[in-house]
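Undergrad: Right, I'll just put the structure down here and ask away after.
The values are calculated or read from the model by the stated rules, or taken from the named source; none is laboratory data. The shown structure was predicted, so the numbers you read here are calculated from the model rather than taken from an experiment. Glycine also receives a Cβ, built like all others from the backbone with ideal geometry; neighbour counts cover every protein chain displayed.
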Amino acid sequence: MQSRRGAFQVGSFRGIPIRIHYSLLLVLPLLALMFGSVIQRAAQTAEQPAELIGGTSILWGLGVAVGLFASVLIHELAHVFYALRHGGKVRGITLMIVGGISEVSELPQRSRDEALMALVGPLTSMALGGLCFGAAWLVPESGFFSPRFVLTYLGALNLVLGFFNLVPAFPMDGGRILRGVLAGRMGMVRATRVAAGVGRAFALLFLLVALATLNFFLAFIAFLVFTGAQGEARQVLIRAVLEKLRVEEVMSPRFHGVEVDTPLEEALRELRRARRLALPATEQDRPVGWVVLGEVMQVPEQERPRRAVRELVRPAVEVAPGQDAWSAMQRMVEAQPPLLLVLEEGRLVGTVDANDFNAAVMLHLSSEEDRGGGWPRWRQERPA
Ligand SMILES: [Zn+2]
């Protein structure tokens, strides 16, 4: 859910940033070497004299590697294109060592669309594979060995990419298709649980095969599938719970913030007293933003009595007590403030931070377990 670290942007598609992870730059020369040696061996087997490989085999290997990553990008763009057409939202595309990741922040509404969104990626890879084979066939036989071989090679890689992604190992595409199909029958939470379970089983299978064949690449994929399955299952559960709750059921009640004219020294005392890393900032009781412990601490101690909270205030991210907690959490993920200010008719009634969300989910699950009663309401605790 968080923004991708360790990646730099290389372009964009309809305003969606396309990023490359640094690990890819590391692996690119290795892949170029690997593909290059395959090309060289193929040339030897075909009894083609080495001179017939235009340029060096490593350069052609590099071509295959770059072509492979371009293919992965096209695969991801297919997902993104479908998601955007069917009401989804996408935060970014990142190309990584083991393929691409599209950060879909909002899935299409209908589970059928989610399944189809997952399906278009592998289908695109297969079509691309077919295109490469077709192009290879069209390249005239000129004794010039490499272009034809490289295209055939790329075609085969795309077919592998397409078929491998269809394996129902959630969160891989095949697993998403499985979840989409199941969700229509058993609801999103249970479908995700089942798909994640199947995904973890496949991850273990991948790991066994990887160990037996000493395939590091597959071991890495096993790891990603295993942790991804767990992470996504949790995310879906959190969403299902928070969608049912309102902000007022999640927030910590708070009716006063730190006034912007307060000296930093006193603000620090208030933060400690409240045992909070951040507090709302107010101007004549009107909420204007928040102030965070870390930034107060950065001001030299002797200056704190003279300087005011106003200097350090960051603009507030506001939510309403009646809105659903999931949409509030989305706001938090997007704007990344340490806390949200809950405002009713312009007045501060509470704050929500990551701990509040966490506690709400845990408490809700525990109350579902023992079929406990309703939720405490802040209105009842509000001073008269
Ligand atoms: Zn895909």
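Undergrad: For the stretch 75-91, give me each residue that is among the small types (Gly, Ala, Ser) and either away from the ligand (no atom under 15 Å from the Cβ) or at pLDDT 90 or above (or both). Give the steps one after another, and end with the answer.
TA: Residues of the stretch 75-91 that are among the small types (Gly, Ala, Ser), as a first pass: 78, 83, 87-88.
Of everything in the stretch 75-91, those that are among the small types (Gly, Ala, Ser) and either away from the ligand (no atom under 15 Å from the Cβ) or at pLDDT 90 or above (or both) turn out to be ALA78, GLY87.
One line per residue, one yes/no per condition, for (1) without any contact (Cβ under 8 Å) to a residue 24 or more places away in the chain; (2) farther than 25 Å from ARG239 by Cα:
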position: ALA267; (1), (2): no, yes
position: GLN298; (1), (2): yes, yes
position: VAL319; (1), (2): no, no
position: ALA328; (1), (2): no, no
position: ASP356; (1), (2): no, no
position: MET362; (1), (2): yes, no
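Undergrad: Can you pull out the residues in the stretch 71-98 that are in contact (Cβ under 8 Å) with a residue 40 or more places away in the chain, within 15 Å of the chain's Cα centre (by Cα) and closer than 22 Å to VAL333 by Cβ?
TA: GLU76, HIS79, VAL80, VAL90, ARG91, GLY92, ILE93, THR94, MET96
Undergrad: I'm trying to understand the selection: among the residues of the stretch 201-224, which are surrounded by fewer than 20 Cβ atoms within 10 Å (Cβ to Cβ) and modelled with pLDDT of 90 or more?
TA: Hits for the stretch 201-224 are ALA201, LEU204, LEU205, LEU207, LEU208, VAL209, ALA210, LEU211, ALA212, THR213.
Undergrad: Mind counting the residues in the stretch 112-142 that are part of a loop (DSSP other than H, G, I, E, B) and surrounded by 15 or more Cβ atoms within 10 Å (Cβ to Cβ)?
TA: Filtering the stretch 112-142 down to residues part of a loop (DSSP other than H, G, I, E, B) leaves 139-142.
Cutting the leftovers down to surrounded by 15 or more Cβ atoms within 10 Å (Cβ to Cβ) gives us 139.
Residues that pass the stated criteria total 1.
Undergrad: Out of VAL160, VAL241, VAL189, VAL247, report the one residue that is modelled with pLDDT of 90 or more and farther than 24 Å from LEU128 by Cβ.
TA: Answer to the check: VAL247.
Undergrad: Output yes when any residue across the stretch 97-111 is in a helix (DSSP H, G or I) and at pLDDT below 90, and no when none is.
TA: yes
Undergrad: Taking the stretch 152-186, which residues are within 12 Å of GLY121 (Cβ to Cβ) and among the polar types (S, T, N, Q)?
TA: ASN158, ASN165
Undergrad: Consider PHE170 against the criteria (1) of a type in the set (Phe, Trp, Tyr); (2) modelled with pLDDT of 85 or more; (3) within 13 Å of the ligand (Cβ to nearest atom): it satisfies all of them except one. Which criterion is unmet?
TA: Here PHE170 meets the rest and fails (2).
Undergrad: Further question on the same structure: Could you tell me whether PHE149 is within 30 Å of GLN44 (Cβ to Cβ), modelled with pLDDT under 90 and away from the ligand (no atom under 13 Å from the Cβ)? Steps first, answer last, please.
TA: On the way: within 30 Å of GLN44 (Cβ to Cβ): yes; modelled with pLDDT under 90: yes; away from the ligand (no atom under 13 Å from the Cβ): yes.
For PHE149, the condition - within 30 Å of GLN44 (Cβ to Cβ), modelled with pLDDT under 90 and away from the ligand (no atom under 13 Å from the Cβ) - is met.
Undergrad: Considering only the stretch 311-365, state which residues are within 17 Å of ARG246 (Cα to Cα) and among the small types (Gly, Ala, Ser).
TA: Those that are within 17 Å of ARG246 (Cα to Cα) and among the small types (Gly, Ala, Ser): ALA320, GLY322, ALA325, SER327, ALA328, GLY350, ALA354, ALA359, ALA360.
Undergrad: Okay, next question. Which condition breaks for PHE8 when tested against (1) more than 25 Å from GLY162 (Cβ to Cβ); (2) modelled with pLDDT under 80; (3) surrounded by fewer than 19 Cβ atoms within 10 Å (Cβ to Cβ)?
TA: (2)
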